[in-house]
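Everything on this sheet refers to the single structure shown next.
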Amino acid sequence: MAVASGQSAQAVQAEVEAWIDEQWDAGLTVRQWWGRLADAGLSYSHLEPPFGRSYNREQVAAVFAALRAKGAMGPPAGIGTMLALPTILTHGTQEQIDRFVRPIIDGSEGWCQLFSEPGAGSDLAGLQTRAERDGDEWRVSGQKVWTSTGQVADYGILIARTNPEAPKHQGITYFLFPMHQPGVDVRPLREMTGRAVFNEVFLDGARVPDAYRLGDTNTGWAVANTTLMHERAGIGEASGGYGRAAPGTVAGHLDRPCHEFLTAGRASMVQGHISLGTIHRFIALARERGLLDDPLIRQEIAALHTRVQVIMWSARRAKGGAGSRTGVEGPLAKVAMSQAVEAGRELGCHILGPDAQLWGREAVTDGWFQELVVFSPAPAIYGGTDQVQRNIIGERGLGLPKEPGHPRETPFRELPANTTR
Ligand SMILES: Cc1cc2nc3c(=O)[nH]c(=O)nc-3n(C[C@H](O)[C@H](O)[C@H](O)COP(=O)(O)OP(=O)(O)OC[C@H]3O[C@@H](n4cnc5c(N)ncnc54)[C@H](O)[C@@H]3O)c2cc1C
């Protein structure tokens with residue numbers, strides 16, 4: 001299939017639909033289908049060849065439209081594609097790109113993000129996990145927490161302290177960390193959704209080769225900022241999320257047929273964003289309940305629709321070639337989306353009334369709305385809390401004075417423990 005980057009979106013969609021007619025079969029295994037998508041440069045088609053087709057935003061949207069139109073499964077999603085991929089492409093050596101990118105985009109390796117610690121979430125640069133050089137390797141000890149999909153990950157993007165004598169932002173190094181080894185203990189944490197999306201991860205003398213260090217030693221904070229920028233923008237744009245089939249060798253999905261993952265199942269419904277599709281569901285629900293003429297419900301629906309439409313336009317503008325206008329597009333998008341999720345939760349409760357509280361087999365809406373309710377506090381927390389995003393918008397976007405704290409040049413070792421370091 002030829003790569004013609006000047007093609008119109010319609011031409012791309014027609015071409016991809018023809019390709020899907022030839023290649024797609026719901027009986028293929030997930031591994032086979034994701035492999036075909038990656039071979040054709042269609043998994044993440046905005047990437048440059050050999051991984052993608054350098055497609056622009058409209059052309060990428062046309063690829064997804066073709067997949068939807070043909071009922072074909074989408075490419076792998078999750079932390080590998082949302083966070084590890086752009087960070088490795090930005091900071092990786094050619095060897096690292098050759099080693100890691102293809103298994104991310106064909107889903108054959110799954111990833112997690114080993115950033116947050118019990119004492120370092122908002123104050124991420126205060127992290128205490130240590131990495132010490134040992135020949136060609138590093139030895140890593142410490143504790144991470146909130147590690148989404150850690151129990152099914154093959155690799156983790158890990159930040160660890162490599163120089164406690166340096167100021168806190170200057171003694172951190174970034175690693176591409178193998179999860180399957182002695183010294184890595186992953187313990188799932190159950191949430192109020194009933195699932196265990198995230199985990200605590202204990203590291204005790206675990207090893208990572210120096211060849212898997214991303215960026216120079218002690219420059220990991222800058223590398224981590226690339227990840228965080230993509231995380232905030234991705235959450236705001238709802239581009240991340242959890243696909244129905246999980247990538248990686250542990251989840252056991254790769255060798256199962258695609259058709260098993262095509263039908264919507266409650267168990268896989270993590271509702272971390274509101275799309276125009278969600279709003280159509282609310283409209284259908286209001287109609288079903290005879291509330292479509294209720295002026296307050298109409299007003300709430302219109303307000304949520306406006307909010308989501310503005311989020312989509314803002315995301316498009318941020319990526320539309322004009323570049324960053326404020327430097328804080330990611331934090332703005334992230335806060336806007338978590339507010340939209342909260343507004344969606346309220347709207348659904350107003351439509352459903354007491355029925356919103358039913359759970360399990362009794363749940364109306366087949367439970368998708370209840371999933372949204374129990375997951376709704378999460379978007380305001382992950383990717384850096386909304387309060388912290390507002391600090392960033394205030395300081396970097398509006399030029400407000402920085403929060404009071406210890407002088408930036410204070411060596412990490414001299415910062416008092418158990419405070420914001
Ligand atoms: C569903 C989910 C998935 C997650 N997945 C991952 C993952 O895969 N990998 C990972 O590394 N992390 C993950 N996280 C962790 C997330 O990034 C942290 O929870 C977040 O950064 C907040 O850190 P904390 O929990 O330590 O809260 P704290 O930092 O202890 O904050 C507690 C409260 O204090 C407020 N606060 C703190 N500092 C300030 C300040 N300076 N100004 C104003 N208010 C402040 C916060 O806003 C918050 O309300 C996930 C979180 C959730 C909810």
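Computed quantities for the displayed model
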quantity	calculated
Qualifying positions in the range 154-177 - assigned to a helix (DSSP H, G or I) and either crowded, with 22+ Cβ neighbours inside 10 Å or within 9 Å of the ligand (Cβ to nearest atom) (or both)	168
Filtered residues of the range 29-53 (kept if assigned to a loop (DSSP other than H, G, I, E, B) and surrounded by fewer than 18 Cβ atoms within 10 Å (Cβ to Cβ))	46, 48, 49, 50
Any hit, the range 392-412, residues being under 28 Å from residue 221 (Cα atoms), assigned to a helix (DSSP H, G or I), under 29 Å from the mean Cα position of the chain (by Cα) and among the charged types (D, E, K, R)	yes
Among the residues listed as 415, 352, the single one being away from the ligand (no atom under 13 Å from the Cβ) and either touching a helix residue (DSSP H, G or I) at 6+ places or on another chain (Cβ under 6 Å) or under 27 Å from residue 114 (Cβ atoms) (or both)	415
Residue in the range 91-103 that is within 16 Å of the ligand (Cβ to nearest atom) and touching a strand residue (DSSP E or B) at 6+ places or on another chain (Cβ under 9 Å) present	no
Failed item, numbered, when residue 118 is tested on (1) within 16 Å of the ligand (Cβ to nearest atom); (2) farther than 30 Å from residue 388 by Cβ	(2)
Tally, over the range 363-412, of residues that are more than 8 Å from the ligand (Cβ to nearest atom), among the acidic types (Asp, Glu) and within 24 Å of residue 127 (Cβ to Cβ)	2
Residue match in the range 60-76 (condition: outside the structural domain of residue 157 (by TED's automatic domain parsing), free of Cβ contacts under 8 Å to residues at least 12 places away in the same chain and assigned to a helix (DSSP H, G or I))	yes
Only one of 113, 151 that is outside any loop (DSSP other than H, G, I, E, B), within 11 Å of the ligand (Cβ to nearest atom) and within 18 Å of the chain's Cα centre (by Cα)	113
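The values are calculated or read from the model by the stated rules, or taken from the named source; none is laboratory data. Note that this is a predicted model, so its numbers are computed, not measured. Positions of Cβ are generated from backbone atoms using ideal geometry, with glycine treated the same way; all protein chains shown enter the neighbour counts.
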